[in-house]
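Undergrad: Below is a structure I'd like to ask you about.
The values are calculated or read from the model by the stated rules, or taken from the named source; none is laboratory data. Keep in mind the model is a prediction, meaning the values are calculated, not measured. Cβ placement follows ideal geometry from the backbone for every residue including glycine, while neighbour counts extend to all protein chains displayed. Side chains are part of the model used for accessible areas, which takes the heavy atoms of the whole protein and leaves out ligands, DNA and RNA. Shrake-Rupley method; radii C 1.70, N 1.55, O 1.52, S 1.80 Å.
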Amino acid sequence: MKILVVDDEQDICEILQFNLEMEGYEVTTANSAEEVLELPLSSFDIILLDVMMGEISGFQLAKRIRENSATSSIPIIFIIALDDEEHTVKGLELGADDYMKKPLSIKEVKARIKAVLRRAKFKEQQKSNASNGTKETPATINYQGICIKSLSKSCTIDGVAVQLTKLEFELLLLFLSNPDTVFSRDELLCRCWPSDTYVLDRTVDVNITRLRKKIGQYGKQLKTRFGYGYVFETEIVQE
C-alpha cells in the first residue's frame, strides 16, 4: 500500500514516514500542495493531508483531488491542528474519509489508516457485486433450529427468541447468508461494523466468542480458520 503524507512540518512527515514504513507501507512525503501536484497522485492508495499549509491549503488541494476523475476515489484523512468544529465539518464536506487532530497519536494514525482502507476496499467490493448482479440477502434464513429474519432483525433458536446485539445479529446474518464461506477479520469489520468507527482486529474475536455462546449448540459450527478468519460450516435452506 502506498501512502502520501502531506504536511508543512518536516518533523511530522519524518515521524509518520518512519512509523508507517515499519508497518510495511510505502510512504512518500511532501511539504506543500505545490509539491503534491507534481506527483503521480493516482498511484497512491491513501493520502494524509494537513489542512493549514502555504498558498494552497489542504482544503483547496483536496478539492482538486476530488474534482479529478483519476484521483477522486483516493481516501483522504485530514490532519487538523485547530480544535475547530468548522474546520472538521468543512473537511468532511469536501469528501474527507476521516480526520485526526494534532498532536497525533501514532497508534491512532495506524488504526485510522487501516479503518479507512478497509472501508475503501469494501466500497469497491460493493460496486463489483452490484455490477455482477450479486443476489440480495433473503428475508428469512433457516438452518435446522436457527431462524433469522433480516427485515425484523430477529432471531430464534429452536423456537426461543435470542437477544443479539446489532453486531452479533449482523455477523450471524452474514454467516448464514454465505454458508461455508471464510471471512477474514478485515472483511467482517467492513461488513458489520459502522463505517465511521475504527476498531482493532481483536474486537472481532470477542464478538465471535459471544455469538458462539448465544447460539448454543450451533456455536460449534462457527469455526476459526487460523490465518484466514471465520466460517459457519453447514448447508442451509434459504426462503
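Undergrad: Using a cut-off of 12 Å between beta-carbons, work out the net charge of the residues near Asn19 (Lys and Arg +1, Asp and Glu -1, Asn19 not included).
TA: Working: positive: Lys107, Lys110; negative: Glu14, Glu21, Glu23, Glu108.
Surrounding charge for Asn19 is -2.
Undergrad: Turning to a different aspect of this structure: Is the shape of region 18-125 best called rounded, prolate or oblate, per the rule: a/c under 1.5 gives rounded, else a/b larger than b/c gives prolate, else oblate, with a ≥ b ≥ c the square roots of the Cα gyration tensor eigenvalues? Display every interim value, and only then the final one.
TA: Details: a/c = 1.22, a/b = 1.07, b/c = 1.14.
Taking the square roots of the gyration eigenvalues as a ≥ b ≥ c, region 18-125 is rounded.
Undergrad: Here's a follow-up. Using R₀ = 25 Å, calculate the FRET efficiency as 1/(1 + (r/R₀)^6) where r is the Cβ-Cβ separation of Ser73 and Leu151; round to 0.05. All intermediate terms of the calculation are to be shown ahead of the outcome.
TA: Numbers: r = 32 Å, r/R0 = 1.28.
Result of the calculation: an efficiency of 0.20.
Undergrad: Tell me the per residue accessible area of the chain using a 1.4 Å probe; a whole number in Å² is fine.
TA: Working: 12990 Å² over 239 residues.
Using a 1.4 Å probe on heavy atoms only, each residue of the chain averages 54 Å².
Undergrad: Name the most mobile residue of Ser105, Ser32, Ser177, meaning the one with the largest mean-square fluctuation, in a Gaussian network model of the chain with Cα contacts below 10 Å.
TA: Of Ser105, Ser32, Ser177, the most mobile in the Gaussian network model is Ser105.
Undergrad: Of all accessible surface on the chain at a 1.4 Å probe, what whole percent is carbon and sulfur? Please report the intermediate quantities before stating the final value.
TA: On the way: 6460 of 12990 Å².
Solvent-exposed carbon and sulfur of the chain make up 50 percent of the total.
Undergrad: A further question on this structure: So what's the back-of-envelope 222 nm ellipticity for the chain, counting only DSSP H runs of four-plus at -39500 (n - 2.57) apiece and dividing by all residues, rounded to 500? Show your work: numbers first, answer last.
TA: Values: 8 runs with 96 residues, N = 239.
My calculation for the chain gives -12500 deg cm²/dmol from helical runs alone.
Undergrad: Which one, Ser177, Gly216, Tyr25, is farthest towards the positive end of the dipole of the chain when Lys and Arg carry +1 and Asp and Glu -1 on their Cβ?
TA: Gly216
Undergrad: Another one. First check a/c for region 1-54, with a ≥ b ≥ c the square roots of the eigenvalues of its C-alpha gyration tensor; if it is under 1.5, answer rounded, and if not, answer prolate when a/b is larger than b/c or oblate otherwise. Intermediate results must be reported in sequence, preceding the final value.
TA: Numbers: a/c = 2.30, a/b = 1.20, b/c = 1.92.
Oblate is the answer for region 1-54, as a/c is 1.5 or above yet b/c matches or exceeds a/b.
Undergrad: Going 7 Å from the Cα of Gln144 toward and past its Cβ, which residues in region 157-181 have a backbone nitrogen under 11 Å from where you end up?
TA: 158
Undergrad: Would you mind checking the pairs Lys110/Lys213; Lys107/Lys153; Lys2/Lys101; Lys107/Lys166 and listing those with alpha carbons more than 29 angstrom apart?
TA: Numbers: Lys110/Lys213 32 Å; Lys107/Lys153 35 Å; Lys2/Lys101 22 Å; Lys107/Lys166 27 Å.
From the list (Lys110/Lys213; Lys107/Lys153; Lys2/Lys101; Lys107/Lys166), the Cα-Cα distance tops 29 Å for Lys110/Lys213; Lys107/Lys153.
Undergrad: Give, as a single signed number, the net charge of other residues whose beta carbon lies under 9 Å from the beta carbon of Gly229, with Lys and Arg counted +1 and Asp and Glu -1.
TA: Working: positive: Arg185, Arg225; negative: Asp186, Glu187.
Value of the local net charge: 0.
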